1. Against the longest alpha carbon principal axis of chain B, how many degrees, from 0 to 90 and to the nearest 10, is the axis of helix B:170-194 turned?
2. To the nearest whole percent, what portion of all C-alpha pairs in the range A:328-412 is separated by more than 16 angstrom?
3. Taking a cut-off of 24 Å, what percent of all Cα-Cα pairs in the range A:399-505 are separated by more than that?
4. Kindly give the distances from residue A:125 to its copy-mates, label point to label point, with each label point 7 Å from Cα along Cα→Cβ, as nm values to one decimal ordered shortest first.
5. Tell me, what is the Rg over Rh of the protein assembly as shown, with Rh the Kirkwood radius over Cα pairs?
6. Bin width 5 Å, origin at 0, all Cα-Cα pairs of the range B:259-360: what percent of pairs per bin?
7. Would you mind listing the distances between the residue A:82 label point and the same position in each other copy? Use 7 Å along Cα-to-C-beta, nm, one decimal, shortest first.
8. For the modelled label position 7 Å from the Cα of residue B:503 along Cα-to-Cβ, which residues of the range B:166-193 have backbone nitrogen atoms closer than 16 Å?
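Every number in this text was worked out from the coordinates using simple rules, so none of it is lab data. Every value quoted in this text rests on a predicted model; they were computed, and no experiment measured them. Cβ placement follows ideal geometry from the backbone for every residue including glycine, while neighbour counts extend to all protein chains displayed.
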């Protein structure tokens, strides 16, 4: 490698490090806002976030950055390590995405999303989709325009997907989702018709918040979450945030009469948190170490929440601790009935409350509607009717109101089209990864029964967390599982598990 | 005013607002670090703070800022409102202070203070002043150099004082401190020789932390602290921080066997917090609304801690609440004995533990040593000996180690020379302000007995908090009290109070 390119790379790294630190600060501002900020500070906080976003944007599109990124790719790729080349590639992508859009469109999108959010909140509260329709239509139009600038060679919806799930297109997703539909719709119907209802009575009762917190913290720690490099707090909606791999902050929420929701939120967010804490040591302030895509992030949270914590070995291991924590409720509860109780499957209107069998239907429904909105085959006005028809077809239920239907999610109001598929891709990857783990370590279930969860964390760490963005998703999946994105494991897992629970055929 | 100047002013305001928001973010980073950050994040946080400080510095010295500040003063001052002119003046001062120092000196000072802090921590722990002496000497040299660049027309020590207490010089401070010495040294001696020791036995015992917290929160709220625009938390050293007048965060610390220290820390920090929450509404993101000087800030905390909360009416009002909170300890305690117990005066080695009579001696000692270091009459090697001699002369006690003497404060290790006088200037202003309040509202003591503390907050708000930086310190003090900086009220207050408590003459 010529010396000049080496120096350019160092200058690039210095800029990327600075941006990473400013990004970390943004993480603290958001966490603080959701967890701890006095309510009277919301306006000043919005202005602080706006000021920092402006600074970061200036840094990302800085002319000097442009010059470095113009010069560096002229070097032979082979003159750089893979690690170095990855940072150059990531910086280029971020620079392109930020500079290709005209400033007027950036401003219009920012203003519209902010207004659309308020309009949506009101429309949802009042069950009036017609109030939301005009801004939603405008948002779709702007996001089609946005796609034309950012990724002109892609279809508009693919460009929006690429924003969250780079390298994955409708061509990858549609056949996978069609297969899920073909197999899950009958499964959901069979479960419904089985007439079997697991006993969940012991999950109702009074569960003191301090005991819920101690339980969640214990299990999070068992999973390998490092509390000297992270925190666990309370927020309205559980999330994983923070400012750095040494400062990862998960949240949950507590209801006195339901500990399961809080506990599984802790496990889910810990899954995200382990990914962040496990990033490669020597690139922590550089894009190369960042989480790969939204679906891979989600694969980590769902891996722990579903593949591990909704499994038999986990129920066997943790029922005694749970029974110790809430002695009044768990007299005479067997591991098997606990396992069944945390795996109830039942169609419901609200995506975020859905179980692992019905959840993909919620996602596929949204994917199909977004696809239609972007290719012009669906009009915004038609969404409520189509939503309800698909709910009927996929889950056998029809929302009585749009509040419980097309108006339920916040995503569209923020212009986040193309995000939903990541949830289900994440679930599929999670089951593929779990399968690979079982192949690699056949005693995994025994380890879980022994409470040795951190060894699983270590495996995920080496295979996924420490890989950062060194590999594309397909290459990573190939390396971990030997295969490609494939819903078969996920379907086999769901069919075997739920046929057994619901006593089907 | 010519139109061009108006436009320049708007451009300046836009820059100042942005800087204010970035400064608020810095406040959150520091608060988070002291209160809530996982310990493993200290290195990444230092880097985040460094990155943001770099951004802020770039903004402050931005060439466009320089151009605006060169053009604006050419406008007739009368063409601007006082409010506007104040923002221009403050921006100019900040720009000058940031641009007049060569970058090499900035870097050397930053690196040296960082290293000096570590050296000091170790030297203090090991009681080895000789280890600290070389870096301290270098720090003084650099701060003399710094003064020559920033305020070339001032004496070097005056320039350092001006950094915290603008407009106040040794010429103002020395005669005031000499007067304090002349009157307080004999008072301290008389107290010691009185042989009287107020009963403080009821302040020892076990005080549950949750009850301490509830008590502190109640009193802070009575004082007028708005918890919807602020928080109260725990940190190693109590402080007042936050990010904005709508986001003011005070801290305290709790010891199970001592509630008084925590309670008075809450009151002290609430005093600072009320100043911040009370800033003028229409200039909150501009320098015009910021706290005037360190001494005026300290006058607000000491006003509440000493003039109010160590006074008889407060003791009368709050003893019942305290006795309700800690029923075992406060059986048969009279308001008078509670009042005496919170006003014990006794020479001690450590400044931060000193009472209001002996505290000024700690400050004067440091002031005289700093003065000598900067005018060359004192050598760093002579500090321990001179420290101990002055302790003997002013307080009648001699520190057995340098850890309990010359090595106790963090200030010098950070290069913060000229800061100490603000503490005692603040105490003097506090007593002058209290006197003015009594003149303006003769029923103040009755209001305190009735628990109507917020009316005092309102008076301070109008007279001081909302004034921001519109007036200089002398003009503000004149406007509030009718006089100038004058230690007489402070001395009368101390003499009357402590002669009565200690049964003197």
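1. That works out to roughly 10 degrees.
2. Result: 58 percent of Cα pairs exceed 16 Å.
3. The answer is 45 percent, as a whole percent.
4. Listed shortest first, these distances are 5.5 nm.
5. Ratio of gyration radius to Kirkwood radius for the protein assembly as shown: 1.01.
6. 2, 11, 17, 20, 16, 13, 9, 6, 4, 1, 0
7. Nearest to farthest, the other copies are at 6.9 nm.
8. Of the residues in the range B:166-193, B:190-193 have backbone N under 16 Å from the label point off residue B:503.
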